[in-house]
Amino acid sequence: MRGEETSFEQLLSVMPEGWKEKTKELGALVRGREIKDALDLPRLVFLYLTEGKSFSGTAALLHLAGICSISKKAVFTRFQKSGEWLQWLCG
């Protein structure tokens, strides 16, 4: 990309300090199955909010992007458990 930051990297650059640690502390990422690390969680959440518009659509986009292979139910569960973390991000 000729040294340009991707949109995702730009997004990560404005995330509050300690956001990765808060994923575990606030229960958004307790155990990693499909979503294995803190970097994949914002991908899932922001894909759903901006592109997926459905849990099955988000699962398909994550699979096509090579991020992970996840079911629509797992996307729903992960998104549901991310509520407190998302509130912290916005605070």
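No value in this document is a laboratory result; all are computed from the given coordinates. Here the structure is a predicted model, which is why all the values come from computation and not from measurement. Don't worry about glycine lacking a Cβ; one is built from the backbone with ideal geometry, like all the others, and counts go over all protein chains shown.
Here are some notes:
- Lys pairs, the chain - Cα-Cα below 18 angstrom, 8 or more residues apart or on other chains: 14
- Quarter of Cα convex hull surface for the chain, i.e. mean projection, nm²: 6.0 nm²
- Net length available on complete extension from residue 76 to residue 51 is 7.5 nm, with 0.36 nm assigned per residue and the Cα-Cα distance removed.
- On the basis of the beta-carbon distance and an R0 of 25 Å, residue 6 and residue 63 show a calculated FRET efficiency of 0.85.
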